[in-house]
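In what follows, a structure is listed as structure tokens, so that the remarks can point back to it.
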Amino acid sequence: MENIDIQIHKALNSEIAELSSSEIIIRSLEDGVDLVGNLYYQGIDRVVIYEKNITPAFFDLKTGLAGEILQKFTNYRLRTVIVGDFSRYSSNSLRDFILESNKGHQINFVSTLEEAINLLSPNA
């Protein structure tokens, strides 16, 4: 996981990994699988990723990339919050996808790191 800064946030007896980079971290399904594997190997089960570090193709649901990658995250029970400004996307299907995801606790989309940490905290 080169060029990725991982900051660990403590929340009760749990750790939340905040990933950030000046580059795109997830460009493809393979990048997503590698990321899940690395985090799983490190014992991390809660992660914050920034929208800016994910390829724009992820947010075009027609590509299928979001579904494929998020399925891997779900299979490994990696609770994930993506932080960003999603209002700039005009796709109704993406908006619906985000709303539906936010009803659950596995994959969520929020606008701030504080919201992400609160969602991923054990009492959330």
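General remarks:
- From the list 69, 24, the one residue that fits, being in a helix (DSSP H, G or I), in contact with a strand residue (DSSP E or B) (Cβ under 8 Å, 6 or more places away or on another chain) and modelled with pLDDT of 95 or more, is 69.
- The residues of segment 3-21 that are part of a strand (DSSP E or B), without any contact (Cβ under 8 Å) to a residue 40 or more places away in the chain and surrounded by 15 or more Cβ atoms within 10 Å (Cβ to Cβ), listed by number, are 6, 15, 17, 19, 20.
- Looking across segment 31-47 at every residue that is within 11 Å of the chain's Cα centre (by Cα) and not β-branched (Val, Ile, Thr), the one that is surrounded by the fewest Cβ atoms within 10 Å (Cβ to Cβ) is identified as 35.
- Test: residue 47 is over 15 Å from residue 120 (Cα atoms) and of a type in the set (A, V, I, L, M): no
- Taking first residues from segment 91-103 that are free of Cβ contacts under 8 Å to residues at least 40 places away in the same chain and farther than 18 Å from residue 119 by Cα and partners that are exposed (fewer than 11 other Cβ atoms within 10 Å of the Cβ) and of a type in the set (D, E, K, R), the Cβ contacts under 9 Å between residues at least 6 apart in sequence or on separate chains come to 91/62; 93/62.
- Any hit, segment 90-97, residues being part of a loop (DSSP other than H, G, I, E, B) and among the polar types (S, T, N, Q): yes
- Candidates 110, 81, 48, filtered to the one that is β-branched (Val, Ile, Thr), touching a residue at least 60 places away in the same chain (Cβ under 8 Å) and more than 15 Å from residue 31 (Cα to Cα): 48
The values are calculated or read from the model by the stated rules, or taken from the named source; none is laboratory data. As the structure is a computational prediction, the values presented were derived from the model and not from experiment. So basically every Cβ, Gly included, is an ideal-geometry build from the backbone, and we count neighbours across all protein chains shown.
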